[in-house]
Amino acid sequence: MKSNEIKEAALKYFTIHGYEGASLSLIAEEVGMKKQSIYAHFKGKDDLFLQVLRNAKETELSSKLQYFSKIDSQNPKLDLYGFLQLVIDLFQKNEQLKFWLRMSFFPPAHLAKAIEKEVIDIEDEVQLILESKFQDWIDAKVIVGDVSKTPTFAFLGVVDSILLELVYGNDEQRLKDKLEASWTVFWRGISHK
């Protein structure tokens, strides 16, 4: 139980101060223990950080998988736009995912390769699911296209632009405008006229 409390406190400090600014002393103090006691639960700061990161990764992945498991309609416009809304909601409202998003864009240098592997892992899984959905929609002739890879990558480009705005922007209207513009152009490109 104590390791979960440590991870919760670490999440808070890593999110606010980044890897470098989060100290094990402050994390330990937050949960009412001495810094040395953290080593009974984690090998060190890197181990704690990576465990918090992997928990955040699992939260993102399970949220997306849950969403995809519920969409089995012949309405890709609704399903895809809903996914974009999910992404925005997840990264605006969930502290774990705010942390995940920031660390995937600004990883500590010495952990960059490990973090990149975790990020690519999710990207690959989401890409495979989307390719399957797009192929189903192409086969059902509810969108135009021959192969699923093209609309999948185009859609992921829309997702990436939204994530970039979530990381660097703090203007809600700009986020909304970017979403609407990129969505409109994307949908126009794959829908039957």
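The values are calculated or read from the model by the stated rules, or taken from the named source; none is laboratory data. Note that this is a predicted model, so its numbers are computed, not measured. Positions of Cβ are generated from backbone atoms using ideal geometry, with glycine treated the same way; all protein chains shown enter the neighbour counts. Protein only, heavy atoms only, side chains kept; ligands, DNA and RNA dropped before computing areas. Shrake-Rupley method; radii C 1.70, N 1.55, O 1.52, S 1.80 Å.
Taking the range 164-187 only, how many residues are within 17 Å of LEU101 (Cα to Cα), touching a helix residue (DSSP H, G or I) at 6+ places or on another chain (Cβ under 7 Å) and surrounded by fewer than 16 Cβ atoms within 10 Å (Cβ to Cβ)?
2
Taking the range 83-123, which residues are over 14 Å from ASN55 (Cβ atoms), crowded, with 16+ Cβ neighbours inside 10 Å, of a type in the set (Phe, Trp, Tyr) and modelled with pLDDT under 95?
Matches in the range 83-123: PHE91 only.
May I ask you to say which residue of PHE134, PHE91, PHE105, PHE99 is touching a helix residue (DSSP H, G or I) at 6+ places or on another chain (Cβ under 9 Å) and under 21 Å from THR184 (Cα atoms)?
Exactly one of PHE134, PHE91, PHE105, PHE99 is touching a helix residue (DSSP H, G or I) at 6+ places or on another chain (Cβ under 9 Å) and under 21 Å from THR184 (Cα atoms), namely PHE134.
Given the residues VAL142, VAL126, VAL52, which is the only one that is touching a helix residue (DSSP H, G or I) at 6+ places or on another chain (Cβ under 9 Å) and modelled with pLDDT under 95?
Just a single option satisfies the conditions, and that option is VAL142.
Given (1) outside any loop (DSSP other than H, G, I, E, B); (2) loosely packed, with under 14 Cβ neighbours inside 10 Å, identify the lone condition not met by GLY32.
Of the numbered conditions (1) outside any loop (DSSP other than H, G, I, E, B); (2) loosely packed, with under 14 Cβ neighbours inside 10 Å, the odd one out for GLY32 is (1).
Quick check: is even one residue across the range 142-149 within 19 Å of ILE71 (Cα to Cα), open to solvent by 40 Å² or more (accessible area, probe 1.4 Å) and among the acidic types (Asp, Glu)?
The answer is no; no qualifying residue exists.
Every residue in the range 105-140 that is part of a helix (DSSP H, G or I), over 17 Å from GLY21 (Cα atoms) and among the small types (Gly, Ala, Ser), please.
ALA114, SER132
Could you go through the range 63-77 and let me know if any residue there is over 23 Å from ASP171 (Cα atoms), among the hydrophobic types (A, V, I, L, M, F, W, C) and in contact with a helix residue (DSSP H, G or I) (Cβ under 7 Å, 6 or more places away or on another chain).
As a first pass, look at the range 63-77 and keep what is over 23 Å from ASP171 (Cα atoms): 63-77.
From what is left, the residues that are among the hydrophobic types (A, V, I, L, M, F, W, C) are 65, 68, 71.
Next, only the ones that are in contact with a helix residue (DSSP H, G or I) (Cβ under 7 Å, 6 or more places away or on another chain) stay: 68, 71.
Yes, that holds for at least one residue.
Suppose we filter GLN66, GLN74, GLN36 for residues that are among the polar types (S, T, N, Q) and in contact (Cβ under 8 Å) with a residue 60 or more places away in the chain; which single one remains?
On the way: GLN66 fails: in contact (Cβ under 8 Å) with a residue 60 or more places away in the chain; GLN36 fails: in contact (Cβ under 8 Å) with a residue 60 or more places away in the chain.
Exactly one residue qualifies, and that residue is GLN74.
Kindly check whether there is at least one residue in the range 87-94 that is closer than 15 Å to SER62 by Cβ, free of Cβ contacts under 8 Å to residues at least 24 places away in the same chain and part of a helix (DSSP H, G or I).
yes
Name, by its number, the condition in (1) modelled with pLDDT under 95; (2) touching a Phe, Trp or Tyr at 6+ places or on another chain (Cβ under 8 Å) that does not hold for TRP183.
Here TRP183 meets the rest and fails (1).
Look through THR15, THR59 and report the one residue that is open to solvent by less than 20 Å² (accessible area, probe 1.4 Å) and among the polar types (S, T, N, Q).
THR15
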